[in-house]
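Have a look at the structure below before the remarks.
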Amino acid sequence: MIETMLCALITVLPDYLFRRFVQGKRIGHEITLFTMWYELRWGLTTCAILALTVITTLFYFHPASKTAASYFRTVTILPQLGGRVSEVFVKNNQLVTAGQPIFRIEDFSQTAQVQAANAQIAQVQASLKVAETDLAEADAGIAGAKAALAQSLEDLERNTTLRDEGSSAVRLAEIDRLENLVAEREAQVVAAEAKRAAVEQQIEELIPAQLASAIAQLDAAQTELDKTVILAGVTGRVEQFSLQVGDYVSPLLRPAGILVPSHTGHDRFQAAFNQLSAQVIKPGMIGELGCMTKPFTVIPTVVVEVQDVIPSGQIRPSDELRDVQTNNQPGSILVYVEPLYKGMADDILPGSNCLANVYTDNHERLEYEDLGFWEAAFLHVVDTIGVVHAAGLRLRLILMPVNTLVLTGH
């Protein structure tokens, strides 16, 4: 309407003034409700064409969006194990910090596994002490076997000397017996040393491996026990949380609630623009934003990013071919905007429904580029009519409470 009224000032009004003061026609006589089209046909036709041109230029170079919002992320509160709730630590709408316990599920089997793993570690540590005792016993056995071997060698050497000297007090049978005894005690020394080596291998390799396995089992059991305490992954507020002791929760079927992180959804808005705006909207463009949660307030914004794909073209592999003809609803261009000045959007709640405008600015081109007359005039017109769109945004923000509270019945 504003565009039509402005266009009428340079089309219909001059036509009427010409017919009134040049041709002498008067309203109510020659110019009536029934003769208005014929009398003012040139002005009305020019006004309609000019108004459509201005409106088209306005919406193309200064895109507007009715679907702008500050989307935020939610985290589902889910246990890694299914079970019944044994203890609840927080309440609904409570602010929690990362790592804070939320609730606990029954941990009887997990506690038993931890106790069994601890008992296994204690058993391995006890076997280490037994092995150390066995090592001392093996050392004593080696010492005894070597002493017995030395005694046998001494007896054999004495009898052999007497035999070589021709003494009749030595019998050949005794020498044979002593030789067999020396061989037997040499074998005992070898057996004692082998027993000691086996004990050393147990102390150095087998028992440490058993201890490491037991510690790993304890770590695994402790991990399973830790899973029974559900912690907050991020700092945020607990919502839709009505868990009670005795309730059953499951990672697949029974979530416990929702955690809304405190750092998402603030100072960043997403707006959807039609596909005709793809060649106009660029990062760095200045815009304005108005939200229902803070009426009568216009927030200057800047475009920080434009999504380089259109969501409606997304496909997923399936067992049937996609028919492009079924994609009748054209997708939109997703634009990310942020407040131009820090702190201006602090009062905007995440998830708020907002209106957004983006304005084309040709000041740099007009200032530094050598443009022709008609091109410069067109760019001046493009920049100027952005004021109409800014006025329209403010008008819609003024009427927003009326439309919401009165005309739509809340």
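Observations, loosely collected:
- Among the residues of region 255-277, those identified as β-branched (Val, Ile, Thr) and open to solvent by 30 Å² or more (accessible area, probe 1.4 Å) are ILE258, VAL260.
- Against the numbered list (1) open to solvent by 60 Å² or more (accessible area, probe 1.4 Å); (2) within 30 Å of LEU153 (Cα to Cα); (3) out of contact with any helix residue (DSSP H, G or I) (no Cβ under 7 Å at 6 or more places or on another chain), LEU231 comes up short only at (2).
- Lone unmet requirement of (1) farther than 30 Å from ILE385 by Cβ; (2) touching a strand residue (DSSP E or B) at 6+ places or on another chain (Cβ under 9 Å) for LEU355: (1)
- Only one entry in ALA112, ALA117, ALA122, ALA126 is surrounded by 18 or more Cβ atoms within 10 Å (Cβ to Cβ), more than 30 Å from PHE269 (Cβ to Cβ) and not charged (D, E, K, R), namely ALA117.
- Among the candidates ALA136, ALA183, the residue that is closer than 29 Å to GLN210 by Cβ and either at pLDDT 75 or above or among the charged types (D, E, K, R) (or both) is uniquely ALA136.
- Filter pass, PRO295 being open to solvent by less than 70 Å² (accessible area, probe 1.4 Å) and in contact with a Gly (Cβ under 6 Å, 6 or more places away or on another chain): no
- Failed condition for LEU178, given (1) part of a helix (DSSP H, G or I); (2) surrounded by fewer than 17 Cβ atoms within 10 Å (Cβ to Cβ); (3) modelled with pLDDT under 90: (2)
- For region 352-381, taking the residues that are touching a residue at least 60 places away in the same chain (Cβ under 8 Å) and over 19 Å from PRO283 (Cα atoms), the one that is surrounded by the fewest Cβ atoms within 10 Å (Cβ to Cβ) is identified as ASN353.
- Those residues of region 337-365 which are among the basic types (Lys, Arg) and more than 27 Å from the chain's Cα centre (by Cα), in sequence order: ARG365
- Selection of region 298-322 for residues being assigned to a loop (DSSP other than H, G, I, E, B) and surrounded by 14 or more Cβ atoms within 10 Å (Cβ to Cβ) yields only ILE310.
- Which numbered condition VAL22 fails, given (1) within 57 Å of the chain's Cα centre (by Cα); (2) open to solvent by 80 Å² or more (accessible area, probe 1.4 Å): (1)
- Residues satisfying the stated conditions in region 205-246, i.e. acidic (Asp, Glu) and more than 30 Å from VAL130 (Cβ to Cβ): GLU224, ASP226, GLU239
- Note on region 82-98: residues that are over 10 Å from VAL238 (Cβ atoms) and open to solvent by less than 40 Å² (accessible area, probe 1.4 Å) total 2.
- Hey, VAL280 under 20 Å from PHE59 (Cα atoms), open to solvent by less than 60 Å² (accessible area, probe 1.4 Å) and part of a loop (DSSP other than H, G, I, E, B) or not: yes
- Residue pairs meeting the criteria (Cβ under 9 Å; at least 6 apart or on separate chains; first of a type in the set (Lys, Arg), in region 98-115; second open to solvent by 40 Å² or more (accessible area, probe 1.4 Å)): ARG104/SER86; ARG104/GLU87; ARG104/VAL88; ARG104/PHE89
- Subset of region 262-277 [of a type in the set (S, T, N, Q), in a loop (DSSP other than H, G, I, E, B) and under 28 Å from the mean Cα position of the chain (by Cα)]: SER262, THR264
- Filter pass, ASP107 being under 30 Å from VAL229 (Cα atoms) and crowded, with 17+ Cβ neighbours inside 10 Å: yes
- Against the conditions (1) exposed (fewer than 10 other Cβ atoms within 10 Å of the Cβ); (2) of a type outside the set (D, E, K, R); (3) in contact (Cβ under 8 Å) with a residue 24 or more places away in the chain, LEU340 satisfies every one except (1).
The values are calculated or read from the model by the stated rules, or taken from the named source; none is laboratory data. Here the structure is a predicted model, which is why all the values come from computation and not from measurement. Neighbour counts are summed over all protein chains in view; Cβ atoms, including those assigned to glycine, are modelled from backbone coordinates with ideal geometry. Calculation scope for accessible area: heavy atoms of the full protein, side chains included, ligands and nucleic acids excluded. Shrake-Rupley method; radii C 1.70, N 1.55, O 1.52, S 1.80 Å.
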